[in-house]
Every structure is written in C-alpha cells, then in structure tokens.
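Beneath this line is the structure, given in structure tokens, with notes to follow.
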Amino acid sequence: QVQLVESGGGLVQAGGSLRLSCAASGRTFSNYAMGWFRQAPGKEREFVATISWGGRTTYYADSVKGRFTISRDNAKNTVYLQMNSLKPEDTAVYFCAATAGGINANERAYTYWGQGTQVTVSS
C-alpha cells in the first residue's frame, strides 16, 4: 500500500503561481512513477503531468506544457507540481497518483490516489 497526501492548494489570481506537494508513505516511493491529475466541476478527471521513478523522464498535457513542472525528491518521498502563469481554466481538484509501471497519462494505470487538493484561480 502507498498512502498519498496532497497539499499546497488554494486561491490565487490569474497569472499567479502555486506549488502542490504530494507526500507518500508506505511502500518504497522510488519504485513508483507518479502522476498529477485534475478534475474540474462537472468534468471528467484529466491527466496533467507524470514523472518516472528516477525523475529523469516527464510528460505533460498540452494544456499545461511550459507552465507546469513536475518534480520529485525521493529522499523526502514527495512529488511536486509547480504551477506558474495560472489561468481560471486551471481551477480544479488536483490529485496525485502512483503507478508501479512507467510514466503514463492514463489514469487507469495508477493504483494509488490521494484525496485531492483544491486549486482555484480567479480572473
């Protein structure tokens, strides 16, 4: 089992920045690729970013490429999502997730999920 707890969400004006954190406990964190997903009200959950177990490989949704950066610190069992140039359409609940496979944009590949953290971007 891997337990994931997100933090860092909040209310920010358009153009601002936030950094989300996801702290993992349980099984060896470095064995898992990690992903961030988000779900806006009335919409399906969608992929945001993913990072390999060692942190060398990352992949982003087109909608966030160039604005968001995913990173991880395996010594701290934590994955981060730095979000810059935020837009109102980035408003959503953000979830982190873990997969024993490689990086993947498909949420079905992920076994463990956090409870989510709300990000609200005002215009």
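The values are calculated or read from the model by the stated rules, or taken from the named source; none is laboratory data. In this text, all values refer to a predicted model and were calculated from it rather than measured experimentally. We place every Cβ from the backbone using ideal geometry, glycine too, and count neighbours over all the protein chains shown. Only protein heavy atoms, including side chains, enter the accessible area calculation; ligands, DNA and RNA are left aside. Shrake-Rupley method; radii C 1.70, N 1.55, O 1.52, S 1.80 Å.
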With the requirement that a residue be outside any strand (DSSP E or B), of a type in the set (A, V, I, L, M, F, W, C) and surrounded by fewer than 21 Cβ atoms within 10 Å (Cβ to Cβ), what does region 5-52 give you? Ala14, Ala40
Search result, residues across region 103-123 that are of a type in the set (S, T, N, Q), open to solvent by less than 60 Å² (accessible area, probe 1.4 Å) and either part of a strand (DSSP E or B) or touching a Leu at 6+ places or on another chain (Cβ under 7 Å) (or both): Thr117, Thr120, Ser122
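If you scan region 1-24, which residues turn out to be of a type outside the set (A, V, I, L, M, F, W, C) and at pLDDT 95 or above? Quick ask: steps written out before the conclusion?
We begin by selecting, within region 1-24, every residue of a type outside the set (A, V, I, L, M, F, W, C); these are 1, 3, 6-10, 13, 15-17, 19, 21.
Gln3, Glu6, Ser7, Gly8, Gly9, Gly10, Gln13, Gly15, Gly16, Ser17, Arg19, Ser21 - these are the residues of region 1-24 that are of a type outside the set (A, V, I, L, M, F, W, C) and at pLDDT 95 or above.
Quick check on region 92-101. Is at least one of its residues in a loop (DSSP other than H, G, I, E, B), farther than 18 Å from Leu11 by Cβ and more than 12 Å from the chain's Cα centre (by Cα)?
Yes, because at least one residue in region 92-101 is in a loop (DSSP other than H, G, I, E, B), farther than 18 Å from Leu11 by Cβ and more than 12 Å from the chain's Cα centre (by Cα).
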Output for region 53-76, where each listed residue is of a type in the set (D, E, K, R) and crowded, with 16+ Cβ neighbours inside 10 Å: Arg72
Please enumerate the residues belonging to region 24-47 that are among the aliphatic types (A, V, I, L, M) and more than 12 Å from Tyr80 (Cα to Cα). Ala33, Ala40
Is there any pair linking a residue in region 64-87 that is at positive phi to one that is of a type outside the set (A, V, I, L, M, F, W, C) and assigned to a loop (DSSP other than H, G, I, E, B), with Cβ under 8 Å and at least six apart or on different chains, and which? Ser85/Gly15; Ser85/Ser17; Ser85/Arg67
Where Gln39 falls short, out of the listed (1) under 16 Å from Asn106 (Cβ atoms); (2) in contact with a Ser or Thr (Cβ under 9 Å, 6 or more places away or on another chain): (2)
Filtered residue count, region 53-75, keeping only those that are within 23 Å of Ser85 (Cα to Cα), charged (D, E, K, R) and assigned to a strand (DSSP E or B): 1
